[in-house]
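The values are calculated or read from the model by the stated rules, or taken from the named source; none is laboratory data. Everything quoted here is computed from the prediction, not taken from an experiment. All Cβ positions, glycine included, derive from the backbone under ideal geometry; neighbour counts span all protein chains shown. When the accessible area is computed, the model is the full protein with side chains, heavy atoms only, and any ligands, DNA or RNA have been set aside. Shrake-Rupley method; radii C 1.70, N 1.55, O 1.52, S 1.80 Å.
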Amino acid sequence: MIIDYDVLVLGAGLAGMRAALEAKRRGASVGVISKVHPLRSHSGAAEGGINAALDPGDSWEIHAFDTIKGSDYLADQDAVEIMCREAPRDLIEMEHMGVVFFRGPDGKLGTRAFGGASKARTYFVADITGQALLNALYDTILKEGVKTHDEWFATALYVPDGTCRGAVAIDMLRGELHLLRAKAVILAAGGMGRVYEPSTNALICTGDGHALAYRAGAPLMDMEMVQYHPTTLKGTGFLMTEGARGEGAYLTNKDGERFMQRYAPKMMELASRDVVSRSETIELAEGRGVDGCVFLDLRHLGAELIHKKLPQIHEIALNFLGLDMVEVPIPIRPGMHYIMGGVKTDPDGATPLAGLYAAGECACVSVHGGNRLGANSLLDTLVFGRRAGAHSADYVKSVKPLTTGEEFLKSEQQRIQALLDRPYKGETHARLRLELGTLMDEKVGVYRDEAGLEDALAKVRAIRTRARSVSVQDKGRIYNQALLFALELDYMIDCAEATIMSAIERKESRGAQARSDYPKRDDANWLKHILVTQTPGADPKISYLPVTITKWQPMERTY
Amino acid sequence: MHVKMVVGRYAPDRKLDGELGAPYPPPYADKPRKTYQTFEIDLHDEAMVLDGLIHIREHVDESLVVRCSCRCAICGSCAMWINGHAKLACTTKMKDVIENGAVRVEAPPSMMPVRDLVWDMGPFMEKMRSVKPWLEGKPVSPDEEYRVPNEAMDELVQEVSCISCGACLMDCESYAVNDKFLGPHALARAYRYANDPRDSMQQERLKEYSDPNGVWDCTHCYECVHVCPKGVAPLEQILKIRQMSVAAGYTNNAGTRHALAFAESVRDSGRLNELTLMPKSLGLFNIKAQLQSLPSAFNLLRAGKLPPIIHHKIPGVTRVKAIFKKVGGPLT
Ligand SMILES: Cc1cc2nc3c(=O)[nH]c(=O)nc-3n(C[C@H](O)[C@H](O)[C@H](O)COP(=O)(O)OP(=O)(O)OC[C@H]3O[C@@H](n4cnc5c(N)ncnc54)[C@H](O)[C@@H]3O)c2cc1C
Ligand code: SF4
Ligand code: SF4
Ligand code: FES
């Protein structure tokens, strides 16, 4: 079947739904596809909150400076300015959609402190901020009648004649492939956390959006910038929100010492994520951890505050480790959390590939540069989701409808059928996934070096070859998950390759890229973005873009 | 830990091996039956039920299908029947549900099956949509937030915590006999908006939620409170809507009449007069509905279950009246 829309949105997390809403409000016909029901999108997992300089004592300039400093000066300052200026408006708009934000005594929105920020500007709903935002946006798209295709999995972008004109997707409940033909496509497919093992990300975060764009010829930017969150739970890797440290929790080592006083005496636990994650890694390497973990100590905050403001992490620690944080410190370690890099876009969400937009975690505008500040990514999804929706709705007005696509749909059907028909040779997607993830955590984690990265690249390429013989043992049509996992594995390998290539290229330490063989930041040579573009039949191509600097000259970064 | 996982398998387009399950109840009676397949696996002691299913999917049988994503009760994907009760597989500890070395997991029979542990979310989500779960905001300046007390927002966090997993509807007793009942999840969402001080449609909402298949169709079985993994306690929200709608004067419906007739009878005689309860609930002049209830009345009569024709007061009924006075409300 072929279905036509003006704007096709691929992904129904915060970025996707916000984009869809805006495009619809501007008169475009909009369809949204999502591989899970919109309410199950990973945005729902965001706990801590969302940033905006709303308070009279704060200003967008201070917010922008914090963001740029946090990014280790790799963020494009024009884009950061836009985000920070427009943040209050987007936040208020979400409040008007019904988000039950925490209030101060005067009934106005109230804040909490968050890492890397010089003012308390994080707005929140208990520790379910992402879920509250996701619910409110979903409710609003129900109200405004935006069409969603739930549990449709995108397999390829349709790019005839160098412009993006839709995507092919599997309707999982019925097991059929369809072409969703459109005048513009907005990618909002979220992060790629599962390329790493363990990760704080949900199982669905497999970098599909990154890979779809990459295969269609759009460049990926800043892919070496992989954020490790300093507080992820021992074992499972679940996130213990930064909100905990915002409320005053301590980080301690095996001697009970607050070790951050040695690394960031001013900001202590609230220094930016890359700094805290590296500090922990050093503590562990120097033998001041227990079982590969340091501790998050909340005991002094008291039971009442913990139950009221941090119920979710309290429950998770209790459930998965049997530890009550009211009474004992919780073992934690740095864990893969967020990808700053993504499909290169301008501040309107447009990618270099005509007709293709991107927003949210799969995009790189770039506002996070080398390191994203906590609570800035929900903001990113809303501001740039909205802008991509608006811009695409204008763009499609001058685009003519298509009548082609039948052929492309057929070729995708054949490709998927061939995958289903592959004979079993012993290779499974589950095993390769685990190998890939462990490899990435080991060699492309908090600290990296040339030898490790080259080794990782060779191994990922070997995994790619082996992945070509992965077979799908479920031969059914309806809800064939094994087929999806096989397709996702390919996406993940693309992301891994782009990440490693960029990390090898950047011969300095900046933000999340900490090279033990190049421990210093090198503005003279590396104050620039690294882009990776796939080229048919050859190795991916590396290119550079200058960083846009407006008013904040690079300085040394101390917390 | 060694576990026998008995898994309900279902594939509408294929024949599966295993022990055949019971037929589905209406409206899914024509669906093929599910089969039960047993997997014997080894897991670590703290493993969750979901870990077991993922282990099977990854290492034993790739064709086992289960919705899951967050693995920690956030995304709402993995609600299913575990030993015959709705639970989230990702936060249910295996060792807590093993009975004689085995655990039984399956899609709930109350939902339309899709594949293995996957059920059709369509009707469930449609119920939610039908309560208009969105803010119809009061006028406000576009540049400023609504000013409301934090307590009013805090009040709603409990309902906003709902992850739409569907566990409550799966086991709702009222839904089991009436698939049109809006159900606990949708009604908890309904309360979330009806009680939002920023909403301008409270009156219309209260009226609508009191209609047939709404708040008055809940039988207080408490299942939803019991199974909800996020402490949403839908029944409590349903009771709050009832109170709000009675206070707002939306009493012209079977539910309110039933509640009032019930209370009146107790006030006046100290016990329930079952003979007048039904006609009063249906509405004394609602002849059609009363005639419709006649067949069940005859059945009750035949079975000797009809209440006595003459209704006696209990001794000391004046003290009951005093209690009503003390409590206050419309019946004093
Ligand atoms: C545990 C955790 C806590 C966090 N806390 C915070 C916080 O406090 N503050 C903050 O600012 N940020 C936080 N973040 C980061 C933030 O939540 C995410 O970056 C953000 O929500 C991403 O939103 P998104 O809309 O880009 O993508 P997502 O919400 O991940 O949505 C992706 C969408 O794409 C769809 N999709 C993906 N692939 C396909 C495909 N192939 N076909 C069809 N559909 C597809 C999915 O179904 C989904 O609907 C947190 C992240 C994690 C992991
Ligand atoms: S208490 Fe009411 S809503 Fe809840 S499960 Fe029972 S009948 Fe359903
Ligand atoms: S109310 Fe509870 S059980 Fe029902 S859908 Fe919401 S979270 Fe699940
Ligand atoms: S996997 Fe997300 S709720 Fe169970």
Any hit, segment A:446-453, residues being open to solvent by less than 10 Å² (accessible area, probe 1.4 Å), farther than 28 Å from B:S63 by Cα, under 24 Å from the mean Cα position of the chain (by Cα) and modelled with pLDDT of 95 or more: yes
Qualifying position, being buried (at least 24 other Cβ atoms within 10 Å of the Cβ), modelled with pLDDT of 95 or more, in a helix (DSSP H, G or I) and away from every other protein chain (no Cβ under 14 Å), among A:A169, A:A244, A:A211: A:A211
So B:Y24, is it assigned to a loop (DSSP other than H, G, I, E, B), surrounded by fewer than 18 Cβ atoms within 10 Å (Cβ to Cβ) and more than 11 Å from chain A (Cβ to nearest Cβ): no
Tabulated pairs, segment A:526-547, first open to solvent by 60 Å² or more (accessible area, probe 1.4 Å), second at pLDDT below 95, C-beta under 6 angstrom, 6+ apart or interchain: A:K541/A:T535
Helices (runs of 4 or more DSSP H) wholly inside segment B:83-197 containing at least 1 residues that are facing another protein chain (nearest Cβ under 8 Å) and away from ligand 3 (no atom under 13 Å from the Cβ): B:122-130, B:150-160, B:183-194
When residues of segment B:235-264 are limited to those that are over 30 Å from B:A167 (Cβ atoms), without any contact (Cβ under 8 Å) to a residue 40 or more places away in the chain and of a type in the set (G, A, S), the one least open to solvent (accessible area, probe 1.4 Å): B:A261
Segment A:349-362, subset in contact with a strand residue (DSSP E or B) (Cβ under 8 Å, 6 or more places away or on another chain) and part of a loop (DSSP other than H, G, I, E, B), residue most open to solvent (accessible area, probe 1.4 Å): A:P352
Selected residue (criterion: nearest to the chain's Cα centre (by Cα)) from residues of segment B:61-76 that are within 13 Å of ligand 1 (Cβ to nearest atom) and small (G, A, S): B:A73
Which numbered condition A:R461 misses (of (1) at pLDDT 95 or above; (2) open to solvent by less than 10 Å² (accessible area, probe 1.4 Å)): (2)
Residue in segment A:20-49 that is nearest to the other protein chains (Cβ to nearest Cβ), counting only those that are small (G, A, S) and more than 18 Å from the chain's Cα centre (by Cα): A:A20
Residues within segment A:258-317 that are farther than 28 Å from A:G511 by Cα and part of a helix (DSSP H, G or I), tallied: 16
Residue in segment B:312-329 that is open to solvent by 60 Å² or more (accessible area, probe 1.4 Å) and at pLDDT below 75 present: no
Subset of segment A:214-235 [open to solvent by 10 Å² or more (accessible area, probe 1.4 Å) and within 19 Å of A:E197 (Cβ to Cβ)]: A:Y228, A:K234, A:G235
Number of the exception - B:D61 against (1) crowded, with 22+ Cβ neighbours inside 10 Å; (2) more than 16 Å from ligand 4 (Cβ to nearest atom); (3) facing chain A (nearest Cβ under 9 Å); (4) over 26 Å from A:L133 (Cα atoms): (1)
Meets criteria (more than 13 Å from chain B (Cβ to nearest Cβ), under 28 Å from A:G209 (Cα atoms) and modelled with pLDDT of 95 or more) for A:I62: no
